[in-house]
Every structure is written in structure tokens, then in C-alpha cells.
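Read through the structure below, which is laid out as C-alpha cells, and then see the notes.
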Amino acid sequence: MNRVPRWRIAAAWAVLALLAGFSSVFAPIYYRNLELQWFVAKITHNVENGAKPDNALRSLILNKARELELPVAAGNVHIDRSEHRLRIDIGYFVRVTLPGYTVDLHFHPDSASK
């Protein structure tokens, strides 16, 4: 019976530890973005929000982003209206600095009423 060399087992554990480390850094950011996406969808699908001014909707979104600790600025929130449609589009990025590596995660949560 062939045995797996110890160095391969150690390498596999190192890769798993590295993946767990990356997941612990990136997963919370992606989940907070998903929560913002759900919030924006809820705003656009609520009929009452169609009558609210853009600044009021923008303020709701910025407060939620601040609560979620996401770096969304007022200029990142784009609100478009047509006769019977409300569309909200947000574009922002989160910079993640790891030892020896920096990455910008770009997000674009959006939603439109039906």
C-alpha cells in the first residue's frame, strides 16, 4: 500500500488554512454587500418609495451603507426615474490589504421597480 508523503499532507493543510484565512477576510464584505443589495431591492419594490424625493432615498441608502460599514458615498448612488419605474444603482469598491497583496473589490448593487 502506497503511503502519502508527509510533505503532501502538510501542503494540503497549508492550502486549507490559506483558504480559510481568505474566506474569513472576504466573506463578511461580500455578505454586507448582499445585505445592501437586499435593502435596495426592498426600496425599489415598495410602491410608496416611488413618490419620495431622490435625496430621501439616497439618505436611506447611505445610512444603511454606513450601518453595514461599506464605503458608499452620495456620488456612488444613482437614482433614475421614468413614468412608472424607479431604478437605483450603486457603484463602490472596498480595498482589502493583506500581507504582500492589496485588492479592490468592486460592487454594483442595483434594483428596479417592476
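Values in this text are rule-based calculations from the coordinates and carry no lab data. Computed from a prediction, not measured in an experiment: that's the story for all the values here. Heads up, the Cβs are rebuilt from the backbone with ideal geometry, glycines too, and the neighbour counts pull from every protein chain shown.
Kirkwood hydrodynamic radius of segment 1-68, from the reciprocal of the average inverse Cα-Cα distance over all distinct pairs: 15.6 Å. Loop-located trypsin sites (Lys or Arg not before Pro) across segment 1-64 with a Cβ neighbour count of 12 or fewer within 10 Å are Arg3, with loop assigned by DSSP. Could you state the number of Å between the C-alpha centres of segment 72-114 and segment 11-41? Result: 18 Å between the Cα centres.
Extent along the principal axes, Cα only, for the chain: 73, 31, 20 Å, with the longest axis given first. Relative to the longest principal Cα axis of the chain, at what angle does helix 54-67 sit, 0 to 90 degrees, rounded to 10? Once rounded, one gets 30 degrees.
Among Val15, Val103, Val47, the largest mean-square fluctuation in a Gaussian network model of the chain, built with springs joining Cα atoms closer than 10 Å, belongs to Val15. Using all pairs of distinct alpha-carbon atoms, the Kirkwood hydrodynamic radius of segment 48-108 works out to 13.1 angstrom.
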